[in-house]
Structure formats: structure tokens, C-alpha cells
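Engineer: Below: one structure in C-alpha cells.
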Amino acid sequence: MRLWPMLWKELVQLRRDRFTLAMMLGIPAIQLVLFGYAIQTEVRHLATVVLDESRTPESRRLIEVLRNTGNFDIVEQVRSRGELADRIEAGRASAGLVIPPRFMRDIERGGTGQAQIIVDAADPLASSAALSGAALAGSARAAELSGGHRPRLEMRVRPWYNPGLRSAVYIVPGIIGVLLSLTLVLITSMSIVRERERGTLEQLIVTPIDKTSLILGKILPFLLIGYVQISVILILGRLLFQVPMLGSLALLYLLSFAFIIASLALGLLMSTLVRSQVQAMQLSFLFLLPNILLSGFMFPREAMPAPAQWIGAALPLTYFLRILRGVLLKNVGLDHLWREGLILVAFATVLVALSVVRFQKTIE
Amino acid sequence: MTIPAPDDAAVVIQGLRKVFGSRVAVEGLELSIRRGEVFGLLGPNGSGKTTTIRMLCGLMAPTSGTATVVGHDVIKEPEQIRRKIGYMSQRFGLYDDLTVAENIRFYGSIYGLRGAARRERTAELLHDLGLEPRAGQLAGELSGGWKQRLALACATAHRPAMLFLDEPTAGVDPASRRLFWHWIYALAQQGTTILVTTHYMDEAERCQRLAFLSRGHLIAVGTVAEVLAQFGQPSIEDVFIELQRRDEGAAV
């Protein structure tokens, strides 16, 4: 084995390559901020008009409750349904609250006071977030009002783990996985091709270095980079988006090991398929797309057609996302994550073995 | 033509052939190189010199034919060969972002040198090749002559039994070239077999024996005097020009 000389060489080169180092730290920071702020599926401060036909303490209380959710900004009180429709049509408001005249009366008689929320559902994501916000606020108020009386049937919706339904909480742990997939695959897919292009690979493979040392020497130094990236995103996620860290960080770092190795090995495998650094970069970005779309990072896998789920199941990121969200958001332990951990170890082992087998010490 | 006895041979090539797609790069090559010999492989660009060297170093698999290098078969035992040979490729193949000393250290350890042995050998190479003042400089900042010295240092870190040099002096100033040949002869005197390709005719004339390749075929082999007699030309340069003329004639 000639692993140590290879590691030493890669580390010295890495230390001198300020650009790559800066990229490895800068990319996660920039992407985190972009993703974290841009992908906000919860809708705050939706412009709302109110048609209050009840004009009672109870109706004003309901308006206050909705306003306090932070989802709705009351921009205008309108006098008729026609005006309300006009405002939404003109885009001046995205939501309308209608409180009918008998609202207070119904509640006082022990009946059910009904109010209506109208939402511009052209953007389903925004509208459903607004609707669920309103429903939550309404049921909370209803619970207050009912006092000791029990309604006959009540469906209580209680969001666990992320009670504010804030998307950053959900997105940021996923970003760790997506960014690691991108940068680690990119880094290693380029590193062997770069040596090929510069002519240094020819000089290296004419030596008795074994393929395993060469491949591991290309992988292991970047394990360090992977851990630095995880830490940067975790710290920034905490500072900028108040992402909770409920579970054991030690467990997260342990399980990350297999994912990082799998990503790096995948990059090396790619580098045995391409001829130039440009091709390596293109292939890496091509790989990024299914990772973003099919791993469960942005869209729930449960809602996907079967073939899309199969592709998702073949991506290491799918399992790493479960680990990230489980540990950070739910304090899930190894007793529930060992399966994901084992799958990632299997990915890592197979991918390293494949790249060792595929790598040839020839220059044809 | 002198054919060395097999037990005295560093390289024995039999019916070596290499085809890239529809292009034949090397055809039916038969050649032997003696131990401790400085052997020149000559021929115009595209005549198959680099392909031949790469097959002998185990960097390319022959399409057919066999060759043994320092007693090992190039197809069956490439790793055995790699341990015993040094190789300088046509293009500078060392790490631009490592220093001179780091490059030597790296290749020394890749060839199995450890600890004190590697430190001593690194110091020795830096001293012998006059690289000491440049030890801390990045290889990428060196000029052609210094790069070539460094490449020779890395290729000989493990005291190889045989050295393959593919156009080692291309783009190097005359003073550095003279110095380089001085070291090559020093190595040969210590018993190292040298196979060198070159475009410089004065360098060709320094070789103990020569082989001329043309369009993948071996067309002459022997000492300088033997080759001159075979072609009826006054100098190796004239042989070369005559060959190139024939090649171009054949291409038309």
C-alpha cells in the first residue's frame, strides 16, 4: 500500500489550491442563504382585505387572531363582496376575510359562528400555506370559545417538530445533503481528469502505485472538506434560520461519513467515464438535478409516481436526507436510522470498489 | 546487425503491433536492447516511437506480439516492470503545485522509500543534479532545463534498472542538454539501461546503438557506423532526412 504518500501529496496540493478551498467553503454559505431565503413555502404577510358585516367585538377578535398569525396583513376594510372580489382580481390583495352579519349571534346562541377565507389560489403553494395558517388560527380560537363544552367531533391538527410550519427548518437540513452531493461529486470527478489533462497521471501510473491507494488518496482528503461544509451549513443555518438541532450531532457526523465517502467515490467513478474537466462538470450538474427533484429535498417522494420513486431510491441523498431531518428536527436516534446508515455504507463500499475496478493504469 | 544473447538483454521485443482504430502505429517490431546500453529510438513524428515506449512501460496494451522488459512480460507482469523502470514522458508530468523537493519526496515514497532512506536519497538527488538552490521552488515556476532535471531526479529516485526517456531534451537549452547527457552516461556506467528518443541528431550520435522507425516499421538498427553504412549517408542527420523524404513520398 502506498496510501500515505498519495494522501500527503493531495493534502499539500489542497492547501496550496486557495481557489478550491475558498469555493468549498464559499459555495455552501452562498447556496444556504439563497435556498434558505428563496424557498420559503410558508407565506407571511399576505395582503388581505376584510369584509366585516358583523361589526361586533367577536368579529374584531377573529380579525385580530388572524392578523397575529403573521400570515395575513390587513390592508383594507371593504364594504361589499363586489369590492372584495375587485381587490383580489386587481391583485391588490391575495386573500379576503368575510365575516357574515350573524357571526356574533350564532356564537352567542351556542351554535357555530362561520367566517370565510377567500384565497387567490393561482399559486397553490402560497394559498395552501395561507389556508392551513387560517385553519389553525380559527380552530385555536374555537377551542378558546368552546370553554368547557366539548364539540361532538373535532379534528385537531397539530404540526409536530416544526410547529411554526417554517420551511427553512425543513429546507436547511436538506441543503446540507444537496450541497455535499454537488460539491463532493464535482471535486473528485474533476481531480483525476485534471491529472489526465495536465499529463501528471501518465507519470503517476507508470509507478508501482496500487489502484486502491490512488483512489483512496483521491477520496480521503476531501472527507475533511465534507465535514467542514457540514459544520459551516449547520452553524449558518442556526444563526440565520434558527434551525433546531434536537438530536445528537455526534450521530449525525458519524452517519455523514458513509454519505461523504459515497459521494466522493461516485465522483471518481464519473471521472473514469469522462475525458475532460468540462465533461466532468457537466456530468456532475446532470447528477444534481435528480438529487434536487427526486430525493425528497423539495417534493415529498410519497407523492411521486413509482418510477420517480425508484430513481429516488437509487440516490444516496434520499437516505441521507432522512438522517439529517431525523436527527436535527426530531431527535431520532440510531435505533430508527440504522437502516439508512447501512444503506449508505453499502453505497460507499460498492462505489469505492467500482471505481477501483474501473480505474485502469493505462492511457488509452 | 548485432543481436544480444537473451540473458544479456534488458528488452526483448517480438512481433509487437499496435493498432488505433484503423491506424497502425507499430507493426511487427523485433528488437533487443542490451543491459547497460544507451539505445536511441529515432524516427519522424508519428513513426511509433512514443507508442513503443508506452507499450514497454505497461501504459498501453499491445494489440499483438510480446515484449519483456528487465526480465518481465509487459502483458502479464506490468507491476513488476513498473518497480524496476523509470520513465520521463514527452510532456512534463510532475506536479506544478509541489516544490522541487516535494516532487522528489513524493516519487521517492511512491517507489517505496521511507524515512531516513528517502531523506538521504532526496538530498543525494538534489545535490547530484544541482537542484539544491531550487529545492523550495514550485515546479510550475521552473524553466525547461530545470524541469527536465527534476523529471530525471523523480524518474531515478528508486535507482531503476532501466530508464525510458521520451524526447527528454525537447525545448531545453544546449548547455542543459550537454549536462543531461553527462548524467545519462553516468547512469549507464552504473549499469542502467537507457532507451531514449530524440530529434537532435547530435544526441542520436551519442547513442551506442540506434533503431530507426518509419511509419511503425523498424527499418534500421545498429551502431552509428552500421546505420550510416546501411543507408550510404555521411551523417545520421542525412539518414533522417532521407527517411522523412521516403515517408512523405509514400504518403503521396
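Engineer: From B:P133, B:P160, grab the single residue that is closer than 22 Å to B:G71 by Cα, at pLDDT 95 or above and surrounded by fewer than 22 Cβ atoms within 10 Å (Cβ to Cβ).
Structural biologist: Just a single option satisfies the conditions, and that option is B:P160.
Engineer: Looking only at the stretch B:51-79, count every residue that is of a type in the set (K, R) and away from every other protein chain (no Cβ under 11 Å) and tell me the total.
Structural biologist: Within the stretch B:51-79, residues that are of a type in the set (K, R) and away from every other protein chain (no Cβ under 11 Å) number 1.
Engineer: Just one of (1) within 21 Å of B:E167 (Cα to Cα); (2) modelled with pLDDT under 95; (3) out of contact with any Leu (no Cβ under 7 Å at 6 or more places or on another chain) trips up B:L42, so point out which.
Structural biologist: (3)
Engineer: Go over the candidates A:I363, A:I292 one by one and state the one that is in contact (Cβ under 8 Å) with a residue 24 or more places away in the chain, of a type in the set (V, I, T) and within 14 Å of chain B (Cβ to nearest Cβ).
Structural biologist: Going through A:I363, A:I292 in turn, just one is in contact (Cβ under 8 Å) with a residue 24 or more places away in the chain, of a type in the set (V, I, T) and within 14 Å of chain B (Cβ to nearest Cβ): A:I363.
Engineer: Right, here's the next one. Please give the strands (runs of 3 or more DSSP E) falling wholly within the stretch B:21-99 in which 1 or more residues are under 30 Å from A:D17 (Cα atoms). Steps first, answer last, please.
Structural biologist: Values: elements: B:23-34, B:38-42, B:64-69, B:85-88.
Result: B:85-88.
Engineer: Can I ask one more? Taking the stated definitions as given, is B:V74 in contact with a helix residue (DSSP H, G or I) (Cβ under 8 Å, 6 or more places away or on another chain) and free of Cβ contacts under 8 Å to residues at least 24 places away in the same chain?
Structural biologist: So B:V74 fits the description; yes.
Engineer: Test of understanding: among A:I215, A:I225, A:I205, which residue is surrounded by 16 or more Cβ atoms within 10 Å (Cβ to Cβ), within 18 Å of A:F347 (Cβ to Cβ) and more than 19 Å from the chain's Cα centre (by Cα)?
Structural biologist: A:I215
Engineer: Got at least one residue in the stretch B:39-50 being farther than 18 Å from A:Q360 by Cβ, more than 9 Å from chain A (Cβ to nearest Cβ), aliphatic (A, V, I, L, M) and in contact with a strand residue (DSSP E or B) (Cβ under 6 Å, 6 or more places away or on another chain)?
Structural biologist: Scanning the stretch B:39-50 turns up at least one residue that is farther than 18 Å from A:Q360 by Cβ, more than 9 Å from chain A (Cβ to nearest Cβ), aliphatic (A, V, I, L, M) and in contact with a strand residue (DSSP E or B) (Cβ under 6 Å, 6 or more places away or on another chain).
Engineer: Can you tell me how many residues in the stretch A:163-212 are on the phi > 0 side of the Ramachandran plot and at pLDDT below 85?
Structural biologist: Within the stretch A:163-212, the subset on the phi > 0 side of the Ramachandran plot is A:165, A:199.
With at pLDDT below 85 added as a condition, the list becomes A:165.
Total satisfying the criteria: 1.
Engineer: What is the number of the single condition among (1) in contact with a Leu (Cβ under 8 Å, 6 or more places away or on another chain); (2) of a type in the set (S, T, Y); (3) over 17 Å from A:F347 (Cβ atoms) that A:S295 does not meet?
Structural biologist: If we test A:S295 against (1) in contact with a Leu (Cβ under 8 Å, 6 or more places away or on another chain); (2) of a type in the set (S, T, Y); (3) over 17 Å from A:F347 (Cβ atoms), just (3) comes out false.
Engineer: On to the next question. Only one of (1) within 12 Å of chain A (Cβ to nearest Cβ); (2) closer than 27 Å to B:T52 by Cα; (3) out of contact with any Lys or Arg (no Cβ under 9 Å at 6 or more places or on another chain) fails for B:L165. Which number is that?
Structural biologist: Of (1) within 12 Å of chain A (Cβ to nearest Cβ); (2) closer than 27 Å to B:T52 by Cα; (3) out of contact with any Lys or Arg (no Cβ under 9 Å at 6 or more places or on another chain), only one is false for B:L165: (1).
Engineer: Please find, within the stretch B:161-178, the residue that is nearest to B:F39 (Cα to Cα) out of those that are over 13 Å from the mean Cα position of the chain (by Cα) and in contact (Cβ under 8 Å) with a residue 24 or more places away in the chain.
Structural biologist: If we take residues in the stretch B:161-178 being over 13 Å from the mean Cα position of the chain (by Cα) and in contact (Cβ under 8 Å) with a residue 24 or more places away in the chain, then B:R177 is nearest to B:F39 (Cα to Cα).
Engineer: Something else now. Tell me the residue from A:L239, A:L246, A:L264, A:L254 that is crowded, with 16+ Cβ neighbours inside 10 Å and either assigned by TED's automatic domain parsing to the domain that holds A:T349 or touching a helix residue (DSSP H, G or I) at 6+ places or on another chain (Cβ under 9 Å) (or both), please.
Structural biologist: A:L264
The values are calculated or read from the model by the stated rules, or taken from the named source; none is laboratory data. Please read all numbers here as calculations on a predicted model, not as lab measurements. Positions of Cβ are generated from backbone atoms using ideal geometry, with glycine treated the same way; all protein chains shown enter the neighbour counts.
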